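Below you'll find the structure, written out as structure tokens, and then a few comments.
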Amino acid sequence: MGSGHDGLMSSLTQIEAQARAGLLTVETYLVELDLTRGAERFGSRTTIRFRCAEPGAATFAEIAAEPTAATLNGVPLATGTDGNRLPLPALAAENELVVTAELPYSHSGEGLHVLVDPSDGETYVCATSALDCASRTFACFDQPDLKARITLRVTAPEHWTVLANADGERVGPGRWEFAECGPMSTYLFTVCAGPYHSVYREHAGRRLGWHGRASLAEHLDRQADELFELTAQCLDWYERTFAMCYPFGDKYDQVFVPEFLHGAMENIGCVTFRDEMLFRSAVTDAERELRAMIIAHEMAHMWFGNLVTLRWWDDLWLNESFAEYLGFRVASEATRFRHAWASFGVTRKLVGYEKDQGPSTHPVAPADVPDVAHGMLNVDAISYPKGASALRQLATLLGDDTFWAGLRRYFQRYAYGNADLADLIGAMAEESGRDLGDWARRWLRTTGVDLLTPAVTVADGRYTSFAVEQAAPERRPHRVRIACYDGEGVARRADVTLDAARTEVPEMAGAPAADLVVLNDADLTFARIRFGPGDLSRLPGLLPRIADPATRAVVWTNLWDMVRAGELAPADFVRLAVAVLPAEPEQSVVDIVLRLCRQHVADRYVADPAGVLHELAELGLVLAGQDGAARRLAGTRIAASAAVTADELALLRDWRAGRRVPDGVAMDADLRWSVLFRLVTVGEAGADEIAAELAADRTASGEVAATRCRAALPDPDEKRVAWDRLMGDRSLSNRHLEALGRGFWRAEHAALTEAYVPRFFAELPATAAFRSPAMLMITARDGYPLTAVRPETTELAAKLLADADLDPVLHRFVTEADHEVRVALAARGGRS
């Protein structure tokens, strides 16, 4: 499938990849990069040695720009490319391809991304190669099953540090050479370069490194102990559990990268993270927990993805489902974040449930991913939390000892090679002695969320019968823990396997009728649940009494599912939050429930949000007065974002001036921008205040925050400027494009932005001519008029989606955003 954007780059098909894998054996790459050629372009020279099983055959390599020179076995090639494809005719049995090119730096996060740090004027570059972006940095055969050993040489400004997959050293002024790494897939290649501030520690004979921009040095130094402790704890857990040392040498670098496109990327030996995770302002423990999980997640990839790599993108789950599962499991077992599974439920699974009920759901392991473009669209909440939940069920079914033994067998058999679903399930089946084919089909090859409902009868205060009814497009087996809670939060439990339309639970017959029935106690499976008769009315007093935070997360997740299903009024969800959150000790639960109330209910699910906003602002002030720095910060944030009355807005103005700030809360840079954003949105601050705040915070983060604030100014001229940039500016970085969309569409500005709703659908397709896949995703996701909750918006979307020529990336994200508008309409009681 060709793509109409981004230099007419073609998306590699699975058929093409299989043919090329059958033809070629790639042995080595020598990649030579020159980062001294100015602000726009860099030099790239690649030497590839490979064998061909059919001498005389032809194939192609990928390079994202027309080469300046190319030779195959010493013979010059025509340098014209078809999209990003360089034809290679008449191959020999043994081949050497040399490709020289000048390639553009990226501002999207794909390929070799560049940022000039406004704090000090220093430049940083970082290469991201997944899923098919390696050719933006060097010529290659860009598919996961053509692994090779890669050697890197870099020329850079003399004061820069250069980091990459393998150990490197400075061999001359500005010249760096790195040891050979691999065999590895091209999508795992990286190089990070710039005047990085680096901190190193030794652990178990390995050199661990953390790196960040020079302007963030004080923050890295302050957080280094925590970061190294987490790294060591995770590494020890993996090596002990897998009975295998880290498989890629004696160094492990982790780099905070500016404007990084993803959350993080598992490049062998040099993991990259978005540098917002190097906290410059106060954060809650939930945010620190998320960072710990991501550290564990990316390290899991050293085995799942890097040591044993998928053959094709239909098995993305072999990478991401395992890393997601292990990220939370390792965080909960090896670090101080013992309740990470509660966060998994209320953050990741909640989105997974939404995705799996939406129009773009797909199996965890889809049988057909025709090209890389489709594989990229599956990097989502199905491949991550739903797949992780399936693995949690598999571990529960087999038991930990068998589960880990099966994984060790898998690693030993396919180390440094490639594997697929059948290979993994086969290794597990051999170790367990079970036929897992039916389990894999039902959990990994199907879509949709099972719905579990209690079916009970009660007489004289006791259950006379207790069963669970299961509804699903294709019913899956679930090993669950059922809990019946009394008014004090004490539970009677039963472990049950559900694999029928109705399953009797005889253990509960004769027991006292519960005040709350939870069919997925401790959150062991991926299923929607409903509660018993009268349970919801008892939640305000009972929910804080339930000891297990994972179970409390299950309750909140399914209450939210009921809101989206039209079974619970959005305002009732908010009222329950107001009643319960002051007594909720798990910060991730507090943070997410507040976000749902603010960003979904107030902005979309109610027609008149003033009452909800006032309730949230008052709740925030209650939380801001409680014990605990994280609780006070969370309360201050929600009060700042929801202020709506004159008194509440006056309080925000005082906070900016340093008055009446809640005790223990620092009015630091990020919080100041949040307060200013709310004041700007409601017309209580303007361009002068934005300029003054930016003058005090001339950083990359400050510039992004200022872009968001300017887009939120309730002024027709400012909206016009923001719109022109959102839909037409080719110089934007990914962060500034996100900020424009998030600032432009505000629920308070419905009248001001009404005329832009049809313009969005009319002008969006043209952005495919000049924006890359990642930037198209951001345009459609963050630029979508989600606050225009009207039937007319869905009608415009339907007309656009009927266009057969609409770019696939735009089609996917418009489809998903349109679904969210329909959910909001239904929540309001309108037409969906």
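The values are calculated or read from the model by the stated rules, or taken from the named source; none is laboratory data. Here the structure is a predicted model, which is why all the values come from computation and not from measurement. Neighbour counts run over all protein chains shown; Cβ positions are idealised from the backbone, glycine included. Surface areas here come from the heavy atoms of the whole protein model, side chains and all, with no ligands, DNA or RNA. Shrake-Rupley method; radii C 1.70, N 1.55, O 1.52, S 1.80 Å.
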(request) Having 3 or more residues that are under 21 Å from the mean Cα position of the chain (by Cα) and buried (at least 21 other Cβ atoms within 10 Å of the Cβ) is the bar; report the helices (runs of 4 or more DSSP H) wholly within the range 360-445 that clear it. (result) 372-377, 387-398
(message) For residue 729, only one of the following conditions fails: (1) without any contact (Cβ under 8 Å) to a residue 60 or more places away in the chain; (2) open to solvent by less than 60 Å² (accessible area, probe 1.4 Å); (3) within 30 Å of residue 112 (Cα to Cα); (4) under 25 Å from the mean Cα position of the chain (by Cα). What is its number?
(response) (4)
(request) Name every residue in the range 91-126 that is in a strand (DSSP E or B), hydroxyl-bearing (Ser, Thr, Tyr) and open to solvent by 10 Å² or more (accessible area, probe 1.4 Å), in order of residue number. (result) 100, 106, 123
(request) Could you look through the range 755-771, keep only residues that are of a type outside the set (Val, Ile, Thr) and within 21 Å of residue 599 (Cβ to Cβ), and pick out the one that is surrounded by the most Cβ atoms within 10 Å (Cβ to Cβ)? (result) 760
(request) Hey, can you tell me all the residues within the range 649-683 that are free of Cβ contacts under 8 Å to residues at least 12 places away in the same chain and either open to solvent by less than 20 Å² (accessible area, probe 1.4 Å) or closer than 24 Å to residue 609 by Cβ (or both)? (result) 650, 654
(message) Quick check on residue 36: is it more than 26 Å from residue 152 (Cβ to Cβ), in contact (Cβ under 8 Å) with a residue 40 or more places away in the chain, touching a strand residue (DSSP E or B) at 6+ places or on another chain (Cβ under 9 Å) and among the β-branched types (Val, Ile, Thr)?
(response) no
(request) List the number of the failed condition for residue 42; all other conditions in (1) open to solvent by 50 Å² or more (accessible area, probe 1.4 Å); (2) in a strand (DSSP E or B); (3) under 26 Å from residue 193 (Cα atoms) hold. (result) (1)
(request) Quick one: in the range 560-602, of everything that is open to solvent by less than 20 Å² (accessible area, probe 1.4 Å) and among the acidic types (Asp, Glu), which residue is nearest to residue 289 (Cα to Cα)? (result) 584
(message) If I ask for residues that are in a helix (DSSP H, G or I), over 23 Å from residue 750 (Cα atoms) and open to solvent by 40 Å² or more (accessible area, probe 1.4 Å), which ones from the range 684-712 would you list?
(response) 688, 689, 691, 692, 695, 696, 701, 703
(request) Filter the range 290-315 down to the residues that are out of contact with any strand residue (DSSP E or B) (no Cβ under 7 Å at 6 or more places or on another chain) and among the charged types (D, E, K, R), then identify the one that is farthest from residue 344 (Cα to Cα). (result) 314
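Would you tally the residues in the range 109-124 being of a type in the set (Ser, Thr, Tyr) and farther than 23 Å from residue 186 by Cα?
Of the range 109-124, the ones of a type in the set (Ser, Thr, Tyr) are 119, 123-124.
Those still in the list that are farther than 23 Å from residue 186 by Cα too: 119, 123.
Going through the range 109-124 one residue at a time, the tally reaches 2.
Here is a check on your reading of the model: is residue 823 buried (at least 19 other Cβ atoms within 10 Å of the Cβ), over 26 Å from residue 768 (Cα atoms), under 26 Å from the mean Cα position of the chain (by Cα) and not basic (Lys, Arg)? Step through it out loud before you land on a result.
Details: buried (at least 19 other Cβ atoms within 10 Å of the Cβ): yes; over 26 Å from residue 768 (Cα atoms): yes; under 26 Å from the mean Cα position of the chain (by Cα): yes; not basic (Lys, Arg): yes.
Answer is yes for this residue.
Scanning for something under 14 Å from the mean Cα position of the chain (by Cα) and at pLDDT 95 or above, does the range 298-306 turn up at least one residue? Explain how you work it out, then say what you get.
Let us first name the residues in the range 298-306 that are under 14 Å from the mean Cα position of the chain (by Cα), namely 298.
Filter once more, keeping what is at pLDDT 95 or above: 298.
Within the range 298-306, one or more residues are under 14 Å from the mean Cα position of the chain (by Cα) and at pLDDT 95 or above.
Conditions tested, residue by residue: (1) within 33 Å of the chain's Cα centre (by Cα); (2) over 21 Å from residue 104 (Cα atoms).
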site: 15; (1), (2): yes, yes
site: 23; (1), (2): no, yes
site: 31; (1), (2): yes, no
site: 35; (1), (2): yes, no
site: 53; (1), (2): no, yes
site: 61; (1), (2): yes, no
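Output the residues belonging to the range 733-745 that are of a type outside the set (A, V, I, L, M, F, W, C), within 11 Å of residue 783 (Cα to Cα) and open to solvent by less than 30 Å² (accessible area, probe 1.4 Å). Outline the logic, then answer.
Residues of the range 733-745 of a type outside the set (A, V, I, L, M, F, W, C): 733-736, 738, 741-743.
Next, from what is left, pick out any that are within 11 Å of residue 783 (Cα to Cα): 738, 741-743.
Correct list: 738, 741, 743.
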(request) Just need a number here: residues in the range 584-616 that are farther than 21 Å from residue 790 by Cα, in contact (Cβ under 8 Å) with a residue 40 or more places away in the chain and part of a helix (DSSP H, G or I). (result) 10
(request) Determine whether residue 229 is in a strand (DSSP E or B) and surrounded by fewer than 16 Cβ atoms within 10 Å (Cβ to Cβ). (result) no
(message) I need every pair where a residue in the range 259-277 that is of a type in the set (Lys, Arg) has its Cβ under 6 Å from the Cβ of a residue that is part of a loop (DSSP other than H, G, I, E, B), sequence separation at least 6 or different chains.
(response) 274/260
(request) Would you check if residue 31 is assigned to a strand (DSSP E or B), modelled with pLDDT of 95 or more, among the aliphatic types (A, V, I, L, M) and in contact with a Ser or Thr (Cβ under 6 Å, 6 or more places away or on another chain)? (result) yes
(request) Mind listing just one residue for me: the one in the range 446-462 that is in contact (Cβ under 8 Å) with a residue 24 or more places away in the chain and assigned to a strand (DSSP E or B) and, of those, most open to solvent (accessible area, probe 1.4 Å)? (result) 462
(request) Considering only residues that are farther than 13 Å from residue 298 by Cβ and outside any loop (DSSP other than H, G, I, E, B), look in the range 239-271 and name the one that is most open to solvent (accessible area, probe 1.4 Å). (result) 240
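Please state which one of 762, 705 is of a type in the set (Gly, Ala, Ser) and within 25 Å of the chain's Cα centre (by Cα). Show your work before the answer.
Details: 762 fails: within 25 Å of the chain's Cα centre (by Cα).
After applying the criteria, what remains is 705.
Can you work out which of the residues in the range 617-631 that are open to solvent by 50 Å² or more (accessible area, probe 1.4 Å) and in contact (Cβ under 8 Å) with a residue 12 or more places away in the chain is nearest to residue 289 (Cα to Cα)? It would help to see each step written out before you state the result.
If we filter the range 617-631 for residues that are open to solvent by 50 Å² or more (accessible area, probe 1.4 Å), which is where we start, we get 618, 621-622, 625, 627, 629.
Remaining after also requiring in contact (Cβ under 8 Å) with a residue 12 or more places away in the chain: 618, 621-622, 625, 629.
Values: 618: 27, 621: 24, 622: 24, 625: 23, 629: 15 Å.
Ranking the candidates gives 629 first.
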(request) Scan the range 349-359 for residues that are crowded, with 19+ Cβ neighbours inside 10 Å, of a type outside the set (Lys, Arg) and under 15 Å from residue 324 (Cα atoms) and jot them down. (result) 350, 352
(request) Please verify whether the range 69-90 includes one or more residues that are under 25 Å from residue 178 (Cβ atoms) and open to solvent by 70 Å² or more (accessible area, probe 1.4 Å). (result) no
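Residue 796 - would you say it is touching a residue at least 24 places away in the same chain (Cβ under 8 Å), among the aliphatic types (A, V, I, L, M), open to solvent by 20 Å² or more (accessible area, probe 1.4 Å) and part of a helix (DSSP H, G or I)?
yes
Rundown of residues vs (1) surrounded by fewer than 22 Cβ atoms within 10 Å (Cβ to Cβ); (2) over 22 Å from residue 390 (Cβ atoms); (3) of a type outside the set (Ser, Thr, Tyr), yes/no style:
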residue: 282; (1), (2), (3): yes, yes, yes
residue: 293; (1), (2), (3): no, no, yes
residue: 306; (1), (2), (3): no, no, yes
residue: 321; (1), (2), (3): no, no, no
residue: 325; (1), (2), (3): no, no, no
residue: 335; (1), (2), (3): yes, yes, no
